[in-house]
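Student: First the structure, which I've put down as structure tokens, then a few questions once you've had a look.
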Amino acid sequence: MQTVTLNNGVEMPILGFGVFQIPDADTEKVVTDAIATGYRLLDTAVSYGNEEAVGHAIAASDVPREELFVTTKLWIQDSRDSSAEDATKRSFEASLQRLGLDYLDLYLIHQPFGDYYGEWRAMQDLHRQGLIRAIGVANFYPDRLVDLIEHNEITPAVNQIETHPLFQRADYQAQMAELGVQIQSWGPFAEGRNNLFTDPTLTAIANAHGKSVAQVVLRWLTERGVIAIPKSVRQERMAENFDIFGFTLTDEQLTAIAGLDTGASLFFDHRDPAMVRALSSRTYS
Ligand code: NAP
């Protein structure tokens, strides 16, 4: 598997498997299938409610731990009654226990809300103790990312953000590259919104290569150096989404895909006050 080198020298697979919205009861089987397909990067989160099932699949697999790259994410901590540092360390320990692991490869702040400075300080400590190989963030817009970098010791290794053909983030990717922050796509297919899988431009490119739209999208992301973590509960799609390295998009095809960018989220804007309130009101521990 092709890897990218993060800003602290850690190698991360460019293609992995995401488990958002996979019901807890199905997750162990689905992740077992994903590992058997060849996926080594697994992406979960406290808020997905399936860390334990991911852990069961890891424990049952005969793939050595050091060959896997496991990511989970810290939800927004309630820092009114205890410090965000303490709350983060407790949440980290609980995630590690549910996953049945003694270290994480990547730990992300899931949302840029609440006392994420305190959370980041705790994550820096856990990283220094060797309990996390790399620390990063998700859903950080440029101003918050730069502010976090300016006021802390460790620059996030990764920023996991919505990135797909309809919201391409090319300028932000370039900005992040200058800062030493690796872009990772969430929602590489935009969860199929706006008829992405039947988009005429992507379909024509897919037909030209004898590939599927999903494969073209993942090829396009990884050719751009964007880490992708597609989700599927179906084994044949897992295999399809994993088989993306045997073809190359032409300049003309890249230009056609660039024309699909709407420059806006297909989900919601993390800077929308109503969303800040809605996400902040959710608790997961
Ligand atoms: P996604 O990967 O863009 O899309 C998943 C959808 O596409 C599912 O409905 C899946 O259906 C379908 N699909 C998968 N492969 C397909 C194929 N080859 N052909 C046709 N349909 C296909 O959506 P996502 O799960 O939201 O994003 C991926 C991962 O990113 C998540 O699992 C999670 O790990 C991460 N994520 C992070 C955040 C964040 O805030 N940091 C937010 C969202 C997601 P089936 O399952 O039925 O195949």
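Student: Please specify each residue of region 85-98 satisfying the condition of being surrounded by fewer than 22 Cβ atoms within 10 Å (Cβ to Cβ) and out of contact with any Leu (no Cβ under 8 Å at 6 or more places or on another chain).
Tutor: The answer is Glu85, Asp86, Arg90, Glu93, Ala94, Gln97, Arg98.
Student: Residue under question is Arg234, and the condition is that it be within 15 Å of the ligand (Cβ to nearest atom), open to solvent by 70 Å² or more (accessible area, probe 1.4 Å) and farther than 18 Å from Glu162 by Cα; does it hold?
Tutor: It is true that Arg234 is within 15 Å of the ligand (Cβ to nearest atom), open to solvent by 70 Å² or more (accessible area, probe 1.4 Å) and farther than 18 Å from Glu162 by Cα.
Student: Output the residues belonging to region 171-200 that are away from the ligand (no atom under 16 Å from the Cβ) and in contact with a Pro (Cβ under 8 Å, 6 or more places away or on another chain).
Tutor: Gln175
Student: Take Gln77 and decide whether it is outside any helix (DSSP H, G or I) and buried (at least 24 other Cβ atoms within 10 Å of the Cβ).
Tutor: Answer is yes for this residue.
Student: Can you report the number of residues in region 268-279 which are farther than 16 Å from Tyr172 by Cβ and either within 15 Å of the ligand (Cβ to nearest atom) or in contact with a helix residue (DSSP H, G or I) (Cβ under 7 Å, 6 or more places away or on another chain) (or both)?
Tutor: 6
A quick yes/no check of all residues on (1) closer than 21 Å to Phe17 by Cβ; (2) of a type in the set (Asp, Glu); (3) surrounded by 18 or more Cβ atoms within 10 Å (Cβ to Cβ); (4) at pLDDT 95 or above:
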| residue | (1), (2), (3), (4) |
| --- | --- |
| Ile205 | no, no, yes, yes |
| Lys211 | yes, no, yes, yes |
| Ala214 | yes, no, yes, yes |
| Leu221 | yes, no, yes, yes |
| Gly225 | yes, no, no, yes |
| Asn241 | yes, no, yes, yes |
| Ala258 | no, no, no, yes |
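Student: Let me spell it out: the conditions are (1) exposed (fewer than 15 other Cβ atoms within 10 Å of the Cβ); (2) within 15 Å of the ligand (Cβ to nearest atom), and Leu166 meets all of them except one. Which number is the exception?
Tutor: Unmet for Leu166, out of (1) exposed (fewer than 15 other Cβ atoms within 10 Å of the Cβ); (2) within 15 Å of the ligand (Cβ to nearest atom): (1).
Student: If you don't mind, there's one more thing I want to ask. From the residues in region 121-145 that are within 16 Å of the ligand (Cβ to nearest atom) and not in a loop (DSSP other than H, G, I, E, B), which one is most open to solvent (accessible area, probe 1.4 Å)?
Tutor: Of everything passing the filter in region 121-145, Arg144 is most open to solvent (accessible area, probe 1.4 Å).
The values are calculated or read from the model by the stated rules, or taken from the named source; none is laboratory data. What you see is a predicted model; the values in this text were computed from it and never measured. FYI the Cβ positions are ideal-geometry reconstructions off the backbone, even for glycines, and counts take in every protein chain you see. Only protein heavy atoms, including side chains, enter the accessible area calculation; ligands, DNA and RNA are left aside. Shrake-Rupley method; radii C 1.70, N 1.55, O 1.52, S 1.80 Å.
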